Amino acid sequence: MLLKLQLLFLLCFCCWASISKAQKDSVHIIKQFEVASEVRVIFHNQGLKTEKLDSTFLANSLNLSAAEVLNRMSSVYIKSYGGGGLASSSFRGGSANHTAILWNGFNLQSPVTGMIDLSLLPAGLFNNMSLQYGGKSATWGSGAIGGALHLQTKSNFNDGTNVKLYTGAGSFNEKSMLVSADYSNLKFANSTKFYHNSSLHNFDYISFANEVQETRKLPNASANQNTLIQENYFKIKENQLLETHIWLQENKREIPPTLFQQNSDAFQEDRAMRFTASYHRYYKLWNLNIRSAYFNEALKYKDSEFSKIAENKSQTTINEILMNRNIGCNIWILGANNTYAQSQSIEFSKLIPVQNKMALFSSFQYLNKKANLIAVASVRKEWVNTTPVPLTWSLGIDYYITRWLKIKANAARVYRIPTINDLFWKEGGNQNLLPESGYAFEGGLMLVIPKNKKKYSFTFELTAFSREIENWIIWLPNGAFWSPQNLMHVWSRGAETNTSYQYNGKRLKLFSNFKTSYVLSENTVSKLNSDASTNKQLIYVPLYTGQFNYGLTYKKTTVMLNHTYTGYRYTSSDHSQYLEPYYMHNLSLAYKFDYKKLSIDIQFQINNLLNTNYQVLTARPMPGINYRGGLVFNFKSNYGKS
């Protein structure tokens, strides 16, 4: 598969070169604009907390996964099995399948598990990463209960030729490479990116296997990942745009033993092919967007020790039409979506289980005459295999008291349908499950003191939230097997703060960001007798978390420090067992120098600076102090630019 990806990358690069040469002499005068494939990302932010991850940090994190970036830069709690292992998100005490992961507006959540492994998403392949907190089922459909992660890849027209090469190495025999080639003129833009990462992850840890405490190297923990993203943008006319995207991925990894296992030979392989195409037509008062996607994903798991082999394949097609209409200063959106998913596995009770979702949705954005009040109301009606899902809605408001101070509020009805695993798993699936549903509320304020003479800026944001979900699905022992049941009523509430400061001088730039999160997430009602979890914090949901990031750029040198705190996490529903809180410290250094059209960045990272011994999940060892370093070569040319 690696050979195929490399050959395909070469083919795409050759096509890119030939097209750029053929279109070099284009002299059409067409207004340059930035490609944007999903207007709803910005349109539905009213009343919600949002975060756009720092561009400086992302530029120095080309070898990190989305899980590592979110863990350091956001209030989202990341549950990780260790280096190269499964990583999932928890927004405000929600589960992993309460997070919508959207690539240019297309939902990547697996129809089989309802989630996506964040360790398989290389952060360096995306132009922008942003977070949308709170319930948005009325916008994104099933699963968008806790929040959404937006991954955006885009290109600009008439930007010439840009080539980037990153090569790096690190502890535990880690090797990584990223190659990016972009070309654009007035009517065509192309981007091709290839990423490779491999590591043994054989760090030292303390094992308790056979009741003997000993220090050993983590066995059976290697991982190998290859990813290719290729995109094309065609400006058909001044008001018409066609774009295509393809994402190929292959990941092979070994599953290491726990602290109490001597060895493991478990192995997992993930493959994915994702293709999307979008057509946009822009008019004076309204826009038309027609979008389609096809996802083909496969997972294979093998564990000889337990004589276990599991394999599943899934195919998803998405078709959507979206219209935007300007009505004075207001905007109306109307759309329809069809998502058809099917999966095959010998582990399912049904040969080829299918989920066919049809949805109609609409939104209206209102702006008052003073332009200090923005409100967005959304509604969505969905059917799953012709069975109607409860109507969902949301209402968000931003009100500017002054230019500097804004108050916000949002209310929404949210839901999540059971996954194919929940319904059709041969040994315990439950086809009588009901959708999870409930209500989410949040409100807060934001103080933004703009830059004084383009030097200083200060931002403070406070958000309080509350969310109640009934028919929460949980897997529990049921005879000889585990089976999912609608047993819990979960109330999540809390508060978050975000404080940032920037100073931009001629030679010196200072930046800092401090985030805190308090989340109380409890099962308030149980349908089981003598349920020890009632009115207790959910397992693996920390009550307190915090991040402090700060750094400086002096001339061409950048220094960044990251500190995170993760509080107690209970590992048993009766709170008899828990994991200790821990602090994590990371240091990043970068130096940049230019030579004609070539710029070179030297990057170095020290992770777990104080060599902290900690666990994110019970009995899953985590690496101590480790190092990463790399070189980034950037070549920029006006070739193709008019």
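The values are calculated or read from the model by the stated rules, or taken from the named source; none is laboratory data. As the structure is a computational prediction, the values presented were derived from the model and not from experiment. Please note: Cβ atoms are built from the backbone with ideal geometry, for glycine as well, and neighbour counts cover all protein chains shown. With ligands, DNA and RNA removed, areas are computed over all heavy atoms of the protein, side chains included. Shrake-Rupley method; radii C 1.70, N 1.55, O 1.52, S 1.80 Å.
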Phi to ³J(HN,Hα) by Karplus 6.51 cos²θ - 1.76 cosθ + 1.60 over the stretch 604-614, Hz, x for Gly, Pro: 8, 10, 10, 9, 6, 3, 9, 6, 6, 9, 8
Net length gained if the chain between Ser55 and Val163 were fully extended (0.36 nm per residue, minus Cα distance): 37.0 nm
Relative contact order (%) - criterion: Cα under 8 Å, at least six apart; region: the stretch 179-218: 27 percent
Accessible area in the full protein assembly, largest first, 1.4 Å probe, for Met358, Met584: Met358, Met584
Per-pair calculated FRET efficiency, R0 = 60 Å: Ser307 and Leu360 via Cβ, rounded to 0.05: 0.80
Simple spin-label estimate for Tyr583 and Trp332 in nanometres, 7 Å along Cα-Cβ: 5.7 nm
Residue-normalised accessible area of the chain, expressed per residue, 1.4 Å probe, Å²: 45 Å²
Kirkwood hydrodynamic radius of the stretch 559-641, Cα pairs, Å: 16.0 Å
The chain, Cα convex hull volume normalised per residue, Å³: 158 Å³
Portion, in percent, of the accessible area of the stretch 478-541 that falls on carbon or sulfur, probe 1.4 Å: 57 percent
Other-chain or far-sequence residues with amide H under 5 Å of Asn128's (modelled H): Gln152
Cα convex hull of the stretch 93-189 - mean projected area over all directions, nm²: 8.8 nm²
Heavy-atom accessible area order for Trp286, Trp140, largest first, 1.4 Å probe: Trp286, Trp140
FRET E, pair Ala464, Lys350, Förster distance 35 Å, beta-carbon r, rounded to 0.05: 0.20
Candidate residues Glu269, Glu305: accessible-area rank, largest first, probe 1.4 Å: Glu305, Glu269
Unit charges on C-beta of K, R, D, E only; dipole of the chain, Debye: 2940 debye
Potential extension, Asn263-Asn127 segment - 0.36 nm per residue separation minus Cα distance: 44.9 nm
Net dipole in debye of the stretch 232-306 [+1 Lys, Arg Cβ; -1 Asp, Glu Cβ; about Cα centre; nearest 20]: 720 debye
Rounded to whole Hz, the Karplus (6.51, -1.76, 1.60) HN-Hα couplings of the stretch 470-480, x for glycine and proline: 9, 6, 4, 8, 9, 8, 9, x, 9, x, 7
Expected 222 nm ellipticity per residue - DSSP helices of 4 or more, -39500 (n - 2.57), all of the chain, to 500: -2000 deg cm²/dmol
Fraction of accessible area attributable to carbon and sulfur, the stretch 170-291 (%, probe 1.4 Å): 57 percent
Length added when fully stretched, Val525-Leu288, from 0.36 nm per residue minus Cα-Cα: 80.7 nm
Counted charge near Tyr301, where neighbours are those whose Cβ lies closer than 9 Å (Asp, Glu -1; Lys, Arg +1): 0
The stretch 552-642 - percent of accessible surface contributed by carbon and sulfur, probe 1.4 Å: 59 percent
Cα lying deepest toward the dipole's positive end in the chain, options Ser394, Ala375, Met129, charges on Cβ: Ala375
Positive minus negative residues near Leu70 (Lys, Arg vs Asp, Glu; Cβ under 15 Å): +1
Computed label-point distance, nm, for sites Thr402 and Ser457 using a 7 Å Cα→Cβ extension: 1.9 nm
FRET E, pair Glu214, Trp393, Förster distance 35 Å, beta-carbon r, rounded to 0.05: 0.05
Neighbour net charge for Gly114 - beta-carbon separation under 15 angstrom, K R +1, D E -1: -1
Residue-by-residue Karplus 3J(HN,Hα) for the stretch 376-393, coefficients 6.51, -1.76, 1.60, Hz, glycine and proline x: 10, 10, 10, 9, 8, 10, 10, 10, 10, 6, 6, 8, x, 9, x, 4, 10, 8
Distant-in-sequence amide H partners of Gly143 (H built 1.01 Å from N, under 5 Å): Tyr415, Arg416, Ile417
Rounded D (µm²/s) - the stretch 417-524, Kirkwood Rh over Cα pairs, Stokes-Einstein at 20 °C, 1.002 mPa s: 122 µm²/s
Prolate/oblate/rounded label for the stretch 475-599 (Cα gyration tensor, a/c 1.5): prolate
Percentage relative contact order, the stretch 73-151, counting C-alpha pairs under 8 Å, at least six apart: 31 percent
Relative contact order %, the stretch 88-210, counting alpha carbon pairs below 8 Å whose residues are six or more apart: 20 percent
